[in-house]
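Each remark here refers to the structure printed beneath this line.
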There are 2 protein chains.
Amino acid sequence: MSVRLKIEVTRGAARAGKLITPHGEVETPVFMPVGTLGSVKGISQDVLEELGVEILLGNTYHLYLRPGVETVRQMGGLHRFMSWDRALLTDSGGFQVFSLTDLRKVSDEGVAFRSHLDGSPHFLSPEKAMEIQIWLGADIIMAFDECTEYPADARRARASMELTLRWAARCKKYFEEHKFEVPWGGKARVAPDAFVQEGSAGCSSFDTQSAEPRLAGRANASAPTRAWSSPANGATQGLFGIVQGGMDVELRRESAARTIDIGFPGYAIGGLSVGEPRELTRDIVLSTLEHLPAGQPRYLMGVGTPEEIAQYAQAGVDMMDCVLPTRAARHGLLFTSEGKVSIKQARYARDENALDPACGCRVCRRYSRAYLRHLYAANELLAQVLNTVHNLHYYLATMRTLRAWIRAEPDSDAKVTGV
Amino acid sequence: MSVRLKIEVTRGAARAGKLITPHGEVETPVFMPVGTLGSVKGISQDVLEELGVEILLGNTYHLYLRPGVETVRQMGGLHRFMSWDRALLTDSGGFQVFSLTDLRKVSDEGVAFRSHLDGSPHFLSPEKAMEIQIWLGADIIMAFDECTEYPADARRARASMELTLRWAARCKKYFEEHKFEVPWGGKARVAPDAFVQEGSAGCSSFDTQSAEPRLAGRANASAPTRAWSSPANGATQGLFGIVQGGMDVELRRESAARTIDIGFPGYAIGGLSVGEPRELTRDIVLSTLEHLPAGQPRYLMGVGTPEEIAQYAQAGVDMMDCVLPTRAARHGLLFTSEGKVSIKQARYARDENALDPACGCRVCRRYSRAYLRHLYAANELLAQVLNTVHNLHYYLATMRTLRAWIRAEPDSDAKVTGV
């Protein structure tokens, strides 16, 4: 098994440990920032590393359309394409395809849909979703599921769940037959050895003896961007199953049991944050968690606010992702230890305090609320960049603190649930 | 005199040295990136420092409209407002106001104009432009001039030059009477001493003894963003004069002579890059340079391509600024040792080479052309950020290399032109 969870400490239902992946270990519980198109909007990979991001999420639907799977595959997979050698997870594309309400048609075979970009026709099936995700080469990939709409009646919820279960089995079958086709696996292309010289002073150099300074380019058209190390041969991705079942706890129990019967190295709770009340989300998550294997990773998809990620981590969720910190940041909505701040407000125009006086991020250490407010009001690009850095830091710090809390007072059942 | 040029080496007409300002020394010849609204679009001040930027340009017209001069002044001046403690230069607002062709009315008193944002009426005079620039507090500020349009007949070019000369004298008079009102000068507000704790793990912290992890904000609403050091009391800004005269070398000579008679610590060549052919720009620059004092800084405004900045530095220009590297970057046009690259082109879609194999910038060390092309094609924010970092690096590296070339073989007249 290429992906597994090493639980080191538990406290109540919460567990702290490490998710072991082909591209390194990830401290859990973990919040995974969303890098839809192979980029967390506005943030360079250097900054993500500095923020302590150990795993990023990419969106299969978007990457499939742009730049296209064949391009990413030829470039050595998503890690190498985006120059990110830590862990990656891709979703199956299902959630995005199902949100194209007017542009899709579902059958047992799969989903026919039209691109939101140009209306071009496409078809995703469990097998196709696996092929794409194997070729993208994330460390963790997700089964192709149907995200049941909300509300859905009992019959519809069951039919949707059954479809997801049939697709899950097909996903596993295809994956087992093709898992060594991952770009960094046994058939991986050889990584180039050469580095571009790091200390290079600049893009051009002059001949200092010449009367006229001239460009003397040290051009080497075959120079790679940087050396790249692939995981050991034989490593494969981890394919996670997804529990559906709408808002019915009994269907959720059945979905969990039958997905576990198929057998995956990790399980996700899908089909939430689709418009239902927050209390209902919580009820479904808590009841579903009871039916998931204690020793394997549990991934709650698409959740949530800082309070929610802390709450669900305490309830025993190991992995979460959400566009909220990054999307809210681009709209000037910032999370702080004193609550949410809408930085566009005129009250901050001459406020020289840090955005969050309790925060140690690059933004709060350097800039005032007044400057951040000005950047946002003037529609400066830097507003989106700085706001995103802060919000990501806030989410990551929330999880760091939660992990420390779990580890601060381990209780006696640590050994029981550890693997 | 608060701003002066220390010429250390000459080679032909070119000079290498240091521009001494209240906020540090600047290696010359220097290219100054443009930070119109107190931000180089998309680039954090940390990154500018890492790139080696020692002086930035701000646009008075834009800052006057947003966030407004009174706000910047109350925040301690532009340096402190934008958290930049290296040198700054502001233009006078004249160039921008004159480009509002349909929204302005010029008289001897000044220029009435309407905001490009909301059409609100405003008035700029030499005195007002000085007041604004003193309150913004850049190290180098510019006289309020009329940028003569191109083409202009002899009568119009002379009238415009005479107006600029009358305004230059009024600028100097106002500046001398008010120069101690600079925010960081003798009347500067006291800089706060306290730092926000640098090593802070995050924005929130949990009480590890509590059964429930809770936010325990270390909020201190009065915490400043960071300590700030002002220049020594008594330091003032440097007000530079601007030579106009259209495309007439004799008018340019007269403008230079009479501007020098008024007396400034540095001189700019204005009124170029207004639509004239490049050869004409060059002729006017070279002939005007002959009439400027050898021992004082010479600033060529709004120029140009990498080839032009190298050429003009060789001709004896000490300071240049241009929006080209940053604006072109945002449009996917990149400067490399192998020429210009339009990164949107499909030919780069699977090109895994560095953008410029001879470049040592963060972007070229890490990312491939294929990734940069994808980011641009997908309209990802990060495209604008990374492209700007590269282009700025290219310009700054060009000037670094040129300074090294000047210093590599000093000729005998170094002492003659040094001050």
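Read-outs throughout are calculated quantities, based only on the coordinates presented, and are distinct from any laboratory measurement. Since we're looking at a predicted model, the values are computed, not measured. Ideal geometry is used to build each Cβ from the backbone, glycine not excepted, and the neighbour counts take in all protein chains shown.
Provide the FRET efficiency to the nearest 0.05 for the A:K344-B:T71 pair, computing r from the beta carbons and using R0 = 22 Å.
On the way: r = 15 Å, r/R0 = 0.68.
Here the calculated transfer efficiency is 0.90.
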- Query: Near the amide H of A:G246, under 5 Å away, which other amide H atoms are found, from residues 5 or more places off or on another chain, if H is placed in the peptide plane?
  - Reply: A:T148
- If we hang a label 7 Å off Cα along the beta carbon direction at A:A349, how far is it from the matching labels on the other copies, in nm, shortest first? 4.9
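Using the Cα centre of the stretch B:57-161 as the reference point, and only Cβ charges (+1 on K/R, -1 on D/E), how large is the resulting charge dipole? Debye, rounded to the nearest 20.
Details: 11 positive and 14 negative charges, 24 e Å.
Dipole about the Cα centre, nearest 20: 120 debye.
What number comes out for the charge environment of B:F31, summing +1 per Lys or Arg and -1 per Asp or Glu over other residues with Cβ under 12 Å away? Intermediate values should be presented prior to the final figure.
Numbers: positive: B:R400, B:R403; negative: B:E27, B:E54, B:E308, B:D318, B:D321.
That sum, taken over residues with Cβ under 12 Å, equals -3.
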- List the extent of the Cα atoms of the stretch B:4-123 along each of their three principal axes, largest first, rounded to whole Å. 48, 34, 24
- Pick out, from B:L292, B:L48, B:P29, the residue whose Cα sits farthest towards the positive end of the charge dipole of chain B, with +1 on the Cβ of Lys and Arg and -1 on the Cβ of Asp and Glu. B:L48
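Could you give the dipole magnitude of the stretch B:279-336 about its Cα centre, charging the beta-carbon of Lys and Arg +1 and that of Asp and Glu -1, in debye to the nearest 20?
Values: 4 positive and 7 negative charges, 52 e Å.
It works out to roughly 260 debye.
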- For the stretch A:220-348, shape from the Cα gyration tensor axes a ≥ b ≥ c, cut at a/c of 1.5 then a/b versus b/c, turns out oblate
- Item | Karplus 3J(HN,Hα) series, Hz, for the stretch B:43-56 with 6.51 cos²θ - 1.76 cosθ + 1.60 (x for Gly, Pro) | 10, 6, 4, 4, 5, 4, 4, 5, 6, x, 5, 10, 8, 10
- Can you check how the C-alpha radius of gyration of the stretch A:50-120 compares to 2.2 N^0.38 Å, as a plain ratio? 1.29
- Query: What FRET efficiency do you get for A:D283 and A:K173 if R0 is 35 Å and r is their Cβ-Cβ distance, rounded to the nearest 0.05?
  - Reply: 0.55
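Add -39500 (n - 2.57) for each DSSP H run of 4 or more in chain A, then divide by its residues: what number comes out at 222 nm, to the nearest 500 deg cm²/dmol?
On the way: 15 runs with 153 residues, N = 419.
Taking each H run of at least 4 residues, the total per residue is -11000 deg cm²/dmol.
Shape of the stretch A:107-167 from its Cα gyration tensor (a ≥ b ≥ c, root eigenvalues): rounded if a/c is under 1.5, otherwise prolate when a/b > b/c, or oblate? Could you put the intermediate results ahead of the total?
Numbers: a/c = 2.18, a/b = 1.37, b/c = 1.59.
Taking the square roots of the gyration eigenvalues as a ≥ b ≥ c, the stretch A:107-167 is oblate.
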- Set the Förster distance to 45 Å, then compute FRET efficiency between B:H331 and A:Y150 from the Cβ-Cβ distance, nearest 0.05. 0.60
- How large is the dipole of the protein assembly as shown about the Cα centre if only Lys and Arg carry +1 and Asp and Glu carry -1, each at its Cβ, rounded to the nearest 20 debye? 40 debye
- Note the distances from A:E25 to each other copy's matching label point, with points 7 Å along the Cα-to-beta-carbon direction, in nm, sorted shortest first. 4.8
- Virtual spin-label span in nm between A:H116 and B:K6, 7 Å along Cα→Cβ: 5.8 nm
- Note on the structure: Computed D for the protein assembly as shown, Stokes-Einstein, Kirkwood radius over alpha-carbon pairs, 25 °C, 0.890 mPa s, to the nearest µm² per second, is 84 µm²/s
- Task: Could you list which residues have their amide H under 5 Å from that of B:H291, counting only those 5 or more apart in sequence or on another chain, with H placed in the peptide plane?
- Result: none
- Task: Please give the average number of partner chain Cβ atoms lying within 10 Å of the Cβ of each residue in A:324-337, rounded to a whole number.
- Result: 1
- For B:127-135, A:137-145, B:114-122, ranked highest to lowest by mean beta-carbon neighbours within 10 Å, the order is A:137-145, B:127-135, B:114-122
- Item | 10 Å Cβ neighbours from other chains, averaged over peptide B:72-80 | 2
- Pseudo-label separations to other copies for A:T101 - Cα-to-Cβ vector, 7 Å, nm: 4.9
- If we count every other residue with Cβ under 11 angstrom of A:V249's Cβ, Lys/Arg +1 and Asp/Glu -1, where does the sum land? -3
- Message: Give me a comma-separated list of calculated 3J(HN,Hα) values for the stretch A:133-149, in order, Karplus coefficients 6.51, -1.76, 1.60 applied at θ = phi - 60°, integers in Hz, x for any Gly or Pro.
- Response: 5, 5, 5, 5, x, 5, 5, 10, 10, 10, 4, 7, 10, 9, 7, 5, 5
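Where both partners of a DSSP beta bridge lie in chain A, what percent of those bridges are antiparallel, to the nearest 5? Let's see the in-between values first.
Values: 25 of 46 bridges.
Percent antiparallel among DSSP bridges in chain A is about 55.
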